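The values are calculated or read from the model by the stated rules, or taken from the named source; none is laboratory data. The structure presented is a predicted model; accordingly, all values stated were derived computationally and were not measured. FYI the Cβ positions are ideal-geometry reconstructions off the backbone, even for glycines, and counts take in every protein chain you see.
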Number of protein chains: 2
Amino acid sequence: MSNVTISDVARKVGVSESTVSRCLSGFNVRNAEAIRKAIKELGYRPNLVARNLKSGRTGLVALIVPDITNPFFASIVRGAELAAGEDYMIQLINTGEQPEREEWAIQRMMGQVDGIIYVPSQEDSEAMTDVTDRSIPLVFVDRLIKNFRNIDSVLADNLTGGEMATQHLLEHGHTKIAHISGPLTSTPGKERAAGFARALKAHKIKEDSNYFVESDFTVLGGYQAMMSLLSLPTPPTAVFVANNQMTIGALKALKEKAIKTPEKMAIIGFDDHELTDLIDPPLTVISRDAHLQGAIAMQTLLERIKGGNQFPPKRIKVDVRLIVRGSCGSTCRHRETSTSNANKVLSASTRS
Amino acid sequence: MSNVTISDVARKVGVSESTVSRCLSGFNVRNAEAIRKAIKELGYRPNLVARNLKSGRTGLVALIVPDITNPFFASIVRGAELAAGEDYMIQLINTGEQPEREEWAIQRMMGQVDGIIYVPSQEDSEAMTDVTDRSIPLVFVDRLIKNFRNIDSVLADNLTGGEMATQHLLEHGHTKIAHISGPLTSTPGKERAAGFARALKAHKIKEDSNYFVESDFTVLGGYQAMMSLLSLPTPPTAVFVANNQMTIGALKALKEKAIKTPEKMAIIGFDDHELTDLIDPPLTVISRDAHLQGAIAMQTLLERIKGGNQFPPKRIKVDVRLIVRGSCGSTCRHRETSTSNANKVLSASTRS
DNA sequence: TTGTAAGCGTTATCAG
DNA sequence: CTGATAACGCTTACAA
């Protein structure tokens with residue numbers, strides 16, 4: 001905490017506080033040189049808190065995510081930070097998917113930050129009533145809350161993703177296909193499951209409720225889900241796992257039971273990782289540009305902070321793509337397909 | 001930004017601002033009920049910035065790390081956040097290992113936060129002159145800056161870690177052992193390399209400069225380093241890689257060249273990951289409790305914020321341990337060893 | 001217990 | 001261009 005204030009500088013130079021302030025803001029003042037010298041000598045540093053009180057902005061954006069330890073969210077955060085540039089700093093909060101913690105975070109952030117980027121755990125959360133009341137800028141990333149349909153969101157094309165994943169397994173001749181899904185109360189959990197169902201339907205395969213396990217997006221959850229699938233009288237021959245963490249758990253279960261992939265069990269995950277290339281066999285996944293998703297979210301938030309409600313709510317969906325490796329079996333027609341070619345272009349990913 | 005202030009509430013109830021303020025602080029006031037009601041109706045939320053200006057504290061702690069995308073740093077951050085509880089929020093900054101960015105971050109944080117937890121990229125950085133000048137609480141994690149020997153730090157026992165890793169390779173009969181090191185200008189880079197050298201020396205093996213590649217802690221760096229080792233006339237038969245990212249790169253190189261592990265090349269990494277279990281073969285690593293390291297750092301910082309300079313600088317080292325999997329060859333005497341048994345106990349990990 | 005008033009450090013306004 | 005003065009929203013002596 002810097003205890004030397006602007007008035008110390010002013011006194012030392014023999015000018016008024018306003019002059020020093022103006023000098024700092026880049027205006028032409030008479031004793032500019034002397035002032036700069038005094039600032040250095042005294043080690044003066046403007047108190048940003050005071051400045052913020054005056055200006056009404058904090059230069060802070062809250063990023064509320066389930067778990068920064070999940071590389072996917074880490075990438076979101078990184079992307080958002082880069083998009084923020086030097087104007088806004090990131091205030092990070094991990095919620096551990098706990099709604100109470102989310103509510104607490106939202107409450108605490110209001111009035112402390114200029115905007116919030118939020119990954120809610122539940123679509124029906126009530127955590128945010130206050131947020132819209134005070135109309136503090138907010139953007140949902142990756143997931144959203146149902147009752148707030150008029151708020152900006154930057155999701156992935158989960159429906160297509162789930163469909164592509166399942167389709168990929170179907171193309172390898174599987175018919176006994178299971179889905180380890182995330183919580184159906186969450187956006188990606190619900191949408192990816194819907195994609196799964198849609199692909200099955202398109203191939204006239206009727207859903208077997210035994211082959212649908214709703215889990216919780218955690219490693220342990222994925223492990224348990226796979227274990228329960230393996231203990232079925234007739235286990236599936238292929239499984240689509242709805243996120244990266246559960247996929248790790250599922251793979252651990254397969255390894256523990258010494259089930260050969262893809263021979264005895266084909267597996268496709270959602271979200272990529274630097275290491276998925278190196279596991280045995282390399283993991284086939286549906287992926288997307290998390291960095292980009294975070295960047296778009298930040299960009300949208302900043303527009304909202306600047307422009308207020310000048311423009312209607314944005315509902316952006318980032319493209320997903322299939323990355324074929326070894327975990328679903330050998331060669332396939334396509335190596336890598338995407339829902340569109342313009343994945344890297346910010347504007348091109350905007351829909352609806 | 002909440003535009004309804006404490007005076008709006010006061011006016012509505014017909015009391016003074018101070019009364020409302022006191023009510024908020026938990027004091028007994030006459031119209032407490034009416035005040036609470038008015039607060040709810042108006043949707044009043046205290047402006048924390050104003051509060052901070054008065055109190056001189058921000059409730060913010062800056063966490064300056066190279067890259068949150070590296071799961072190791074993510075764990076550090078998570079551990080720190082948990083240790084902070086509800087009193088302090090985390091302000092996150094990624095530096096990308098760029099000293100200029102670190103300097104900028106430090107400058108910007110001062111006067112905006114109550115303390116800083118910092119992972120500097122270089123031991124000889126000048127980024128922090130101002131920090132000590134103003135005596136804003138600071139704690140180094142994982143790495144430190146040389147010229148600031150009287151500042152708290154929470155490192156890992158890198159020397160022992162490097163030694164254990166190398167020792168482990170030696171015990172498998174290797175003599176042509178290489179080290180892909182981090183930058184020798186960074187604390188862990190230097191110390192792990194020192195551990196490597198010490199273990200070789202203890203076994204009377206003289207260092208071959210061809211077998212020592214200084215890299216940069218990145219995936220690409222690790223890849224290139226391994227490639228260069230493989231192109232040697234007589235490549236090493238084992239390699240100790242100094243961090244997780246470079247290990248991924250090194251493994252990619254091995255895979256690309258179809259070099260069998262551990263038969264043709266044994267490999268041991270530094271820092272564990274949920275997926276290292278699943279790669280082929282499972283990766284043997286030196287590991288430590290990053291969560292704990294972050295937690296200790298935060299705890300130390302908070303003590304410093306509260307207690308000022310009541311106590312001498314702490315230099316804490318967290319224990320490392322060897323996790324034996326398959327990448328260094330078959331069975332070995334020990335499955336898991338640690339530099340001490342009390343790794344989980346905060347106080348027990350404190351040294352010097 | 002309550003209200004009044006001063007002040008946290010800065011910047012914006014306004015007259016000079 | 002400059003300097004006094006008034007805010008920004010809140011807390012806290014101080015006096016009642």
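Of the residues that make up region B:130-138, is at least one of a type in the set (Gly, Ala, Ser) and at pLDDT 90 or above?
Within region B:130-138, the first condition is being of a type in the set (Gly, Ala, Ser), and the residues that meet it are B:135.
Still in the list and also at pLDDT 90 or above: none.
Scanning region B:130-138 turns up no residue that is of a type in the set (Gly, Ala, Ser) and at pLDDT 90 or above.
Answer with yes or no whether B:ALA74 is away from DNA strand D (no atom under 13 Å from the Cβ), touching a helix residue (DSSP H, G or I) at 6+ places or on another chain (Cβ under 6 Å), at pLDDT 95 or above and part of a helix (DSSP H, G or I). Spelling it out, B:ALA74 is indeed away from DNA strand D (no atom under 13 Å from the Cβ), touching a helix residue (DSSP H, G or I) at 6+ places or on another chain (Cβ under 6 Å), at pLDDT 95 or above and part of a helix (DSSP H, G or I).
Checked against (1) within 12 Å of DNA strand C (Cβ to nearest atom); (2) more than 14 Å from every other protein chain (Cβ to nearest Cβ), B:PRO99 passes all but a single condition, namely (1).
In this structure, A:ILE248 qualifies as in contact with an Asp or Glu (Cβ under 8 Å, 6 or more places away or on another chain), more than 30 Å from A:THR300 (Cβ to Cβ), of a type outside the set (Phe, Trp, Tyr) and buried (at least 24 other Cβ atoms within 10 Å of the Cβ). Could you grab the pairs with beta carbons closer than 7 Å, sequence gap of 6+ or different chains, first residue in region A:305-317 and in contact (Cβ under 8 Å) with a residue 60 or more places away in the chain, second one among the aliphatic types (A, V, I, L, M)? Every condition considered, the pairs that remain are A:PRO313/A:ILE151; A:ILE316/A:VAL154; A:ILE316/A:ILE296; A:LYS317/A:LEU155; A:LYS317/A:ALA156. Consider region B:109-129 and keep the residues that are within 16 Å of DNA strand C (Cβ to nearest atom) and not in a loop (DSSP other than H, G, I, E, B). The one that is modelled with the lowest pLDDT is B:MET110.
Looking at A:LYS54, A:LYS146, can you tell me which residue is within 16 Å of DNA strand C (Cβ to nearest atom) and of a type in the set (Lys, Arg)? Lay out the reasoning, then the answer.
Numbers: A:LYS146 fails: within 16 Å of DNA strand C (Cβ to nearest atom).
Only one candidate qualifies: A:LYS54.
Taking B:GLU214, is it under 23 Å from the mean Cα position of the chain (by Cα) and free of Cβ contacts under 8 Å to residues at least 40 places away in the same chain? Talk me through it step by step, then tell me what you get.
Numbers: under 23 Å from the mean Cα position of the chain (by Cα): yes; free of Cβ contacts under 8 Å to residues at least 40 places away in the same chain: yes.
Yes.
Would you say B:LEU82 is surrounded by fewer than 20 Cβ atoms within 10 Å (Cβ to Cβ) and modelled with pLDDT of 95 or more? Yes, satisfied. Considering region B:15-50, and only residues there that are in a loop (DSSP other than H, G, I, E, B) and near DNA strand C (Cβ under 10 Å from one of its atoms), the residue that is farthest from the other protein chains (Cβ to nearest Cβ) turns out to be B:ARG30. Could you list, in sequence order, the residues of region A:29-70 that are at pLDDT 90 or above and of a type in the set (S, T, N, Q)? If the condition is that a residue be at pLDDT 90 or above and of a type in the set (S, T, N, Q), then A:ASN47, A:ASN52, A:SER55, A:THR58, A:THR69, A:ASN70 are the ones that fit.
Counting the residues of region A:240-279 that are under 25 Å from the mean Cα position of the chain (by Cα) and at positive phi gives 1. Only one entry in B:SER21, B:SER7 is within 11 Å of DNA strand D (Cβ to nearest atom) and buried (at least 16 other Cβ atoms within 10 Å of the Cβ), namely B:SER21.
Rundown of residues vs (1) among the charged types (D, E, K, R); (2) within 14 Å of another protein chain (Cβ to nearest Cβ), yes/no style:
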| site | (1), (2) |
| --- | --- |
| A:PRO262 | no, no |
| A:PHE270 | no, no |
| A:ARG288 | yes, no |
| A:ALA295 | no, yes |
| A:MET298 | no, yes |
| A:ARG304 | yes, yes |
| A:GLY307 | no, no |
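Given the criteria out of contact with any strand residue (DSSP E or B) (no Cβ under 9 Å at 6 or more places or on another chain), under 19 Å from B:ALA105 (Cα atoms) and within 12 Å of DNA strand D (Cβ to nearest atom), does A:VAL49 qualify? Yes, satisfied. Got at least one residue in region A:51-71 being at the interface with another protein chain (Cβ under 7 Å from one of its Cβ atoms), in contact (Cβ under 8 Å) with a residue 12 or more places away in the chain and not in a loop (DSSP other than H, G, I, E, B)? Within region A:51-71, one or more residues are at the interface with another protein chain (Cβ under 7 Å from one of its Cβ atoms), in contact (Cβ under 8 Å) with a residue 12 or more places away in the chain and not in a loop (DSSP other than H, G, I, E, B).
Only a single item in (1) out of contact with any helix residue (DSSP H, G or I) (no Cβ under 9 Å at 6 or more places or on another chain); (2) more than 9 Å from DNA strand D (Cβ to nearest atom); (3) charged (D, E, K, R) is not met by B:ARG57, and it is number (1).
Scanning region B:80-87 turns up no residue that is free of Cβ contacts under 8 Å to residues at least 60 places away in the same chain, away from DNA strand D (no atom under 15 Å from the Cβ), more than 9 Å from chain A (Cβ to nearest Cβ) and farther than 19 Å from A:GLN112 by Cβ. Evaluation of A:VAL139 against the conditions (1) within 19 Å of the chain's Cα centre (by Cα); (2) within 11 Å of chain B (Cβ to nearest Cβ); (3) aliphatic (A, V, I, L, M) shows that the sole unmet condition is (2).
The residues in region B:168-184 that are within 19 Å of B:VAL320 (Cβ to Cβ) and buried (at least 22 other Cβ atoms within 10 Å of the Cβ) can be counted, and the count is 7. When B:PRO235 is tested against the conditions (1) within 11 Å of chain A (Cβ to nearest Cβ); (2) surrounded by fewer than 21 Cβ atoms within 10 Å (Cβ to Cβ), the lone failure is (1). With respect to the conditions (1) of a type outside the set (Val, Ile, Thr); (2) in contact (Cβ under 8 Å) with a residue 60 or more places away in the chain; (3) touching a Pro at 6+ places or on another chain (Cβ under 6 Å); (4) not assigned by TED's automatic domain parsing to the domain that holds A:ASN244, A:ARG143 falls short on a single one, namely (2).
The rows are residues; the columns are (1) under 16 Å from B:THR166 (Cβ atoms); (2) touching a strand residue (DSSP E or B) at 6+ places or on another chain (Cβ under 8 Å); (3) charged (D, E, K, R).
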site: B:LEU200; (1), (2), (3): yes, yes, no
site: B:THR247; (1), (2), (3): yes, yes, no
site: B:LEU254; (1), (2), (3): no, yes, no
site: B:ILE259; (1), (2), (3): no, no, no
